[in-house]
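The values are calculated or read from the model by the stated rules, or taken from the named source; none is laboratory data. Bear in mind that the values here come from a model prediction, so they are computed numbers and not experimental data. No Cβ is skipped: glycine too gets one built from the backbone with ideal geometry, and neighbour counts run over all protein chains shown. Remember, those area values only see protein heavy atoms, side chains included, never the ligands or the DNA or RNA. Shrake-Rupley method; radii C 1.70, N 1.55, O 1.52, S 1.80 Å.
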Amino acid sequence: MYRLLMFKSRWGWMGVAESERGLAAIVLPQPSKTAVAAGLGVEAVCVQRASSATLREARKQLVEYLTGRRTSFDLPLDLSRGTAFQRRVWNALRAIPYGQLWSYRGLASRVGGVQYARAVGGAVGANPLPIVLPCHRVIAQDASIGGFSCGLPAKRRLLALEGSLSRLRPSGRDR
């Protein structure tokens, strides 16, 4: 069972969900509450405001991050929905410093070998806790933007916030 909280940030509506183990899902800024509810896998009319210390702290830390006042997160996380390999990748994401960029290949070398770069890309794309597990800091080997499950405009905006967008090489997908 999950408790949910949807809230408005300067960037749009967001959502967080927690299990008894910790924060389990984050929906990045969306234009509407309905879009956030869909991202959380529920209908907007079914969402009740859940007030727990973890959800309130997650909201606080995410808002601070999006306003440039926070560079790291201190929240209990529930990564139990992932496979063992996904959890290894997600935990490795925590090591990417604010404002830094790692390639999928570089991340793969940390979790088993460069031959796993494609599998790492899949695990990064399945990350349930974007921003807190900073998958937006992972780029292609050629320094182009790569992909992002929440869309390239959101990735560009997050990288611009952290001051690292200018280090990317423009690519056909990034124009």
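The figures follow:
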{"read-out": "Global geometry of the chain, whether rounded, prolate or oblate, following the gyration tensor of its Cα atoms and the 1.5 cut on a/c", "value": "prolate"}
{"read-out": "Under Karplus coefficients 6.51, -1.76 and 1.60, residue-wise ³J(HN,Hα) of region 8-16 in Hz, glycine/proline x", "value": "9, 10, 4, 8, x, 6, 10, x, 9"}
{"read-out": "In Å², nearest 10: area of S52 left accessible to a 1.4 Å probe", "value": "20 Å²"}
{"read-out": "17 Å Cα-Cα reach of K60 towards lysines, excluding residues that sit fewer than 8 places from it in its own chain", "value": "K8"}
{"read-out": "Probe 1.4 Å - accessible area at L152, Å² to nearest ten", "value": "40 Å²"}
{"read-out": "For the chain: accessible area per residue (Å², 1.4 Å)", "value": "50 Å²"}
{"read-out": "Fraction of antiparallel bridges per DSSP, region 1-106 only, in percent to nearest 5", "value": "90 percent"}
{"read-out": "Charge context of C135, other residues only, Cβ under 12 angstrom, K/R +1, D/E -1", "value": "+3"}
{"read-out": "Which of C135, C150 is most accessible, then next, and so on - probe 1.4 Å", "value": "C150, C135"}
{"read-out": "Extreme residue, positive dipole direction of region 42-175, given options Y65, T54, L152 (C-beta unit charges)", "value": "L152"}
{"read-out": "In Å², nearest 10: area of D142 left accessible to a 1.4 Å probe", "value": "80 Å²"}
{"read-out": "Charged-residue dipole, Cβ positions (Lys, Arg, Asp, Glu), region 61-134 about Cα centre, Debye nearest 20", "value": "220 debye"}
{"read-out": "Cα centre as origin, Lys/Arg/Asp/Glu Cβ charges: the chain dipole, Debye", "value": "320 debye"}
{"read-out": "Heavy-atom accessible surface of region 1-145: percent carbon and sulfur, 1.4 Å", "value": "48 percent"}
{"read-out": "Ellipticity estimate at 222 nm from DSSP helix runs (n ≥ 4, -39,500 (n - 2.57)) divided over the chain, nearest 500", "value": "-10000 deg cm²/dmol"}
